[in-house]
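For reference, the structure discussed in these notes is given below.
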Amino acid sequence: MSKKKLVFSGVQPTGNLHLGNYLGALRNFVKLQKEMNCIYCVVDLHAITTFQNPDNLRKNVLETVAGFIATGLNPNKSILFNQSSVSGHAELAWILNCVSRIGWLNRMTQFKDKAGSDKEKASVGLYIYPNLMAADILLYKATHVPVGADQKQHLELSRDIAQKFNNDFKCKDFFPIPEPLISKKVSRVMSLRDGTKKMSKSEESDYSRINLKDSSDDIIKKVKKAKSDSEQIPDNLKSLEQKPEAMNLINIYSEISKNSLDEVLKEMSGKEYSYLKKKLAEVLISEITPVGKEIKKLLGDRSHLEQILKKGNEKANIIAEENLKNVREKVGLI
Ligand code: AMP
Ligand code: TRP
């Protein structure tokens with residue numbers, strides 16, 4: 001029996017959408033809306049698992065919505081909303097807290113990274129964050145979840161939770177087992193300062209990332225300063241294995257210029273990295289700065305963005321309530 005496909009994904013409103021979000025997530029979200037029904041969520045309840053200044057949080061929710069639309073998301077076609085406005089996320093998360101196992105959460109590497117050395121001081125929310133993520137997906141019975149590679153483990157947990165719920169409550173196909181959609185080529189865009197770390201909103205140095213709102217000058221400066229390699233560009237991928245920063249620049253160039261890695265190496269081999277950087281800055285400027293300009297323009301009309309969220313919230317709520325009603329029934333809640 002073929003089930004109706006439904007895409008769900010979320011992005012945290014923690015400011016500074018960057019090239020990693022763009023290549024790992026946003027750009028795929030836009031592509032998918034042509035093929036399937038899609039629900040995209042600004043996950044504010046996830047963001048508060050680490051302290052957020054309330055004014056910044058409000059601002060960042062709207063900025064993330066602007067980021068979605070500026071990349072090409074059509075809010076009339078896809079549902080675009082913020083998590084806290086649909087209370088079903090929190091309710092289903094509670095039910096799933098009771099299905100998920102402590103042993104499963106103890107294996108989550110992102111908690112270990114984010115909690116740092118003093119885990120006793122991390123919020124309980126940060127620890128059970130992956131259960132909330134499972135609730136986000138299952139609340140809509142989503143079948144496909146486009147994310148960057150960093151979310152793969154969380155998605156596997158969502159699958160385990162869905163399966164355990166279906167088993168425990170003897171309802172075999174109740175929750176579909178969600179499929180990850182992880183782009184093979186650019187599942188992980190790395191920091192421009194350290195090719196072993198992913199590009200992230202939270203890394204201190206702004207030189208580590210290209211933000212979608214960066215100006216042409218910012219992009220030129222950051223790409224120029226990016227770590228690369230003192231040797232010339234090789235003609236094969238094998239020689240780049242121990243050079244994560246160089247590999248990262250070549251990957252990004254390949255992705256944005258839409259040339260395969262082989263084609264890029266053919267074009268670049270024997271040249272200095274300064275040549276690659278010049279070309280890379282050019283393609284980044286032509287692809288990213290229009291998005292940044294559009295974000296700034298959209299942020300000038302706050303009420304338009306709020307209106308988009310309101311419509312999205314209403315549509316999401318209808319689906320969520322219907323599914324939750326059935327979940328309550330399965331669990332035995334009156
Ligand atoms: P976040 O900003 O952590 O909420 O991430 C939003 C989406 O962007 C998720 O699907 C992440 O997997 C993806 N993402 C974040 N950083 C990167 C990166 N450096 N490379 C690829 N994808 C990323
Ligand atoms: N945890 C994801 C991240 O940090 C964001 C997220 C929350 C998400 N809920 C989701 C992604 C559901 C996909 C599906 O990037």
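Summary table
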quantity	calculated
For residue 181, residues with placed amide H under 5 Å, excluding near neighbours	145, 147
Alpha-carbon gyration tensor eigenvalues x 5, square-rooted, for segment 1-148, Å	25, 20, 14
DSSP-assigned coil residues among trypsin sites (Lys or Arg not before Pro) in segment 22-116, each with at most 15 further Cβ atoms within 10 Å	34, 77, 101, 107
Set of segment 60-97 residues, backbone N closer than 19 Å to the point 7 Å along the Cα-Cβ line of residue 201	60-73, 80-86, 90
GNM flexibility winner over the chain from 96, 105, 157 (Cα, springs under 10 Å)	105
From phi via Karplus (6.51, -1.76, 1.60), per-residue ³J(HN,Hα) for segment 268-282 in Hz, x at Gly/Pro	9, 4, x, 9, 6, 5, 4, 5, 4, 4, 5, 5, 4, 4, 4
Rounded to 10°, Cα long-axis angle of helix 54-70 versus longest principal axis of the chain	70 degrees
Longest to shortest principal axis, alpha-carbon extents of segment 131-180, angstrom	32, 16, 16
Under Karplus coefficients 6.51, -1.76 and 1.60, residue-wise ³J(HN,Hα) of segment 32-48 in Hz, glycine/proline x	5, 5, 6, 9, 9, 6, 10, 10, 10, 10, 8, 8, 5, 5, 5, 4, 6
Amide H contacts of residue 198 (H built 1.01 Å from N, under 5 Å, at least 5 apart or other chain)	191
Listed pairs 197/266; 213/238; 114/227; 164/311; 31/277 exceeding 31 Å between Cα atoms	213/238; 164/311
Lys, Arg +1 and Asp, Glu -1 on Cβ, resulting dipole of segment 62-153 about Cα centre, debye, nearest 20	260 debye
Under Karplus coefficients 6.51, -1.76 and 1.60, residue-wise ³J(HN,Hα) of segment 180-187 in Hz, glycine/proline x	x, 10, 10, 4, 5, 6, 10, 5
Nitroxide proxy distance, nm - points 7 Å out along Cα→Cβ at residue 232 and residue 174	6.5 nm
Dipole axis of segment 7-142 (+1 Lys, Arg; -1 Asp, Glu on Cβ), positive-most option in 19, 61, 99	19
Cα-based equivalent ellipsoid of the chain: semi-axis lengths in Å, sorted from largest, via gyration tensor	36, 22, 19
5 angstrom amide H check on residue 18, placed H, neighbours 5+ away	212
Sum of -39500 (n - 2.57) over DSSP H runs of 4+, divided by residues of the chain (222 nm, nearest 500)	-16000 deg cm²/dmol
Cα Rg over Rh - segment 206-297, Kirkwood	0.99
Cα centroid separation, segment 173-196 to segment 110-169 (Å)	14 Å
Dipole in debye (nearest 20) - segment 196-278, about Cα centre, beta carbon charges: Lys, Arg +1; Asp, Glu -1	220 debye
Counted charge near residue 89, where neighbours are those whose Cβ lies closer than 13 Å (Asp, Glu -1; Lys, Arg +1)	-4
Rough spin-label spacing in nm, given labels placed 7 Å along Cα→Cβ, for residue 34 and residue 304	2.4 nm
Cα centre as origin, Lys/Arg/Asp/Glu Cβ charges: the chain dipole, Debye	400 debye
Sites residue 333 and residue 296, calculated FRET efficiency, Cβ-Cβ separation with R0 41 Å, nearest 0.05	0.35
Coil-residue GluC sites (Glu not before Pro) of segment 17-110, DSSP, other Cβ within 10 Å capped at 11	35
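Values in this text are rule-based calculations from the coordinates and carry no lab data. A quick note: this is a predicted structure, and the numbers were derived from the prediction, not measured. Here Cβ is always computed from backbone atoms with ideal geometry, including for glycine, and neighbour counts include all displayed protein chains.
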